[in-house]
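One structure is given here, and the rest of the page talks about it.
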Amino acid sequence: MNKKVFIKSYGCQMNVYDSTRMADVLAAEGYEQSETPEGADLIVLNTCHIREKAAEKVYSDIGRMRLQVKSNADGDKEGVIAVAGCVAQAEGKEMMRRAPSVDLVLGPQTYHRLPDLLKQVDVERKTAKSGRVVDTDFPVEAKFDFLPKTRRSVQPAAFLSVQEGCDKFCTYCVVPYTRGAEYSRAFDAVMEEARSLVDAGTVEITLLGQNVNAYHGASADGTTRSLADLIRELAAIEGLERIRFTTSHPKDMQDDLIAIYGEEPKCMPYLHLPVQSGSNRILEAMNRHHTRETYLATLAALREVRPDIALSGDFIVGFPGETDADFEDTLSLVREVKYAQAYSFKYSARPGTPAAEMSGQVAEEVKSARLQALQELLNQHQAEFNEASIGRRVPVLFERTGREPGQLVGRSPYMQAVHVQLDAHQEGEYTPSKDQAGLMGQIGEVEIISAGPNSLKGQLIN
């Protein structure tokens, strides 16, 4: 009888990808994925340390999971609770102290060793030792060299990790400490995984990395290939219709990558390019390696080769030392760019980062007021971008069924969620029509008939 594993992912797309690869590793050991944690032989919490209070959320979940992992007839815990990812990397042995029910802590660079680590837990238990294992070292070997071939089921859109880690050392960020230095996967290995995804039915691939546009993968022919090179090669794969990548750093947005948007139609006209602040003084304090002017020049170059490109960004408000004038610089940049989507957050200190020790920490009520003002402006621009889509015909990749009977949901080239009603609502139990089932995973031409703040509605054009 196969063992059951429940994996919960927190935070970024990289964690979603890592969780699928953990499932691949564990499948070779006889584990089947479970949709719920109840009675699981193994529970893995794959954590993210970027967002505020991330660690507290994990500890809260650990408390619940200890009651749901597999137990014997006497009620004693038999299953294993493992915490992986960036919180695990940052907390290490401290997590073991705070959470006695955790059996295994492993960092994001060591999950390829999961089978061996689980055996260590088992040995510890049988020898009356603690039964608890911590592995947060940065290994000499690259984990990607030891992962099995993907076993993922057919999915229209898939993530593919090509780069990890960061050498930028922004003063607010923990990524260099939890993910390590920048590392690019071998070009040929990425291509092999991409082909396997397409063979399984994937139509759209999103290339992932902490600084994905810093990708420089070694090729078997002895050359080093850039992200632009990789996109060109991927575009030649028959059956792959869409290519995206995230997250990019403005410093690494080189001319060849900008040019791709005007040369390769499979490269979707959407780019997430975090700026964090519109103030040069704050950008310098953040150690962002770019200025307001260089950032805007990059966007101008992108719009020159692809005028319809949709732009997304990240913003931090209330960074230490941020004044009203600095914040106004951010608002003025937003007014100039008019983002189609954006993510914004209040600055929150991360232990061990330089910004946590900076003077001029901004009061919480000031940060809250600034965030509200920024989000109102960002939401206004997103609504305007969506409303401008009404009446347009766009290709939509259908990825899932909607909440309403007969509804499919997909993405436009500009990353907008699009809801399409195929069948009239019927009372009672609903069975998807043949048309609906046949469209799943396909790209259909859709006319946009209405727009909301976060999504669009359209009708299929026969």
Give me the dipole magnitude in Debye, nearest 20, for the chain about the Cα centre, with unit charges on the beta carbon: positive for Lys and Arg, negative for Asp and Glu. 860
On each of the three principal axes of the Cα atoms of the chain, give max minus min coordinate, whole Å, ordered largest first. 66, 62, 55
What Cys residues in the chain are without a partner cysteine, judged by a Cβ distance under 4.7 Å? 12, 48, 86, 166, 267
How about region 354-417: which chymotrypsin sites (Phe, Trp or Tyr not before Pro) there lie in a loop by DSSP and see at most 16 other Cβ atoms within 10 Å? none
Stretched out fully, how many nm does the piece from residue 28 to residue 442 gain, at 0.36 nm a residue minus the Cα gap? 146.0 nm
Computed [θ] at 222 nm, helices only, for the chain once each DSSP H run of length n ≥ 4 contributes -39500 (n - 2.57): -10000 deg cm²/dmol
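Just in region 11-120: which GluC sites (Glu not before Pro) are loop by DSSP and have at most 14 other Cβ atoms within 10 Å?
In loop regions of region 11-120 (DSSP not H, G, I, E or B), the sparsely surrounded GluC sites (Glu not before Pro) are 29, 35, 38, 52, 78.
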If unit charges are put on Cβ atoms (+1 for Lys and Arg, -1 for Asp and Glu) and the dipole of the chain is taken about its Cα centre, the option from 234, 215, 319 lying farthest towards the positive end turns out to be 319
With Cβ to Cβ distances under 13 Å as the rule, what net charge do the other residues near residue 451 carry (K, R +1; D, E -1)? -1
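Work out, in µm²/s and without decimals, the Stokes-Einstein translational diffusion coefficient of region 216-366 at 20 °C, 1.002 mPa s, Rh from Kirkwood over C-alpha pairs.
The calculation lands on 125 µm²/s.
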Could you name the aspartates and glutamates in cross-link range of residue 77, using Cα to Cα under 14 Å and dropping any fewer than eight places away on the same chain? 38, 41, 103, 122
Have a look at 95, 144, 123 and report the one farthest towards the positive end of the charge dipole of region 1-157, computed about the Cα centre with Cβ charges (Lys/Arg +1, Asp/Glu -1). 95
Rounded to 0.05, the calculated FRET efficiency for the beta carbons of residue 124 and residue 71 at R₀ = 25 Å is 0.85
Label-point separation, residue 323 to residue 359 (7 Å along Cα→Cβ), nm: 1.5
List the trypsin sites (Lys or Arg not before Pro) within region 66-106 that DSSP assigns to loop and that have no more than 10 neighbouring Cβ atoms inside 10 Å. none
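Every read-out reported here was derived from the displayed coordinates using simple, explicitly stated rules and does not represent laboratory data. These numbers come from a predicted model, not from an experiment. Glycine also receives a Cβ, built like all others from the backbone with ideal geometry; neighbour counts cover every protein chain displayed.
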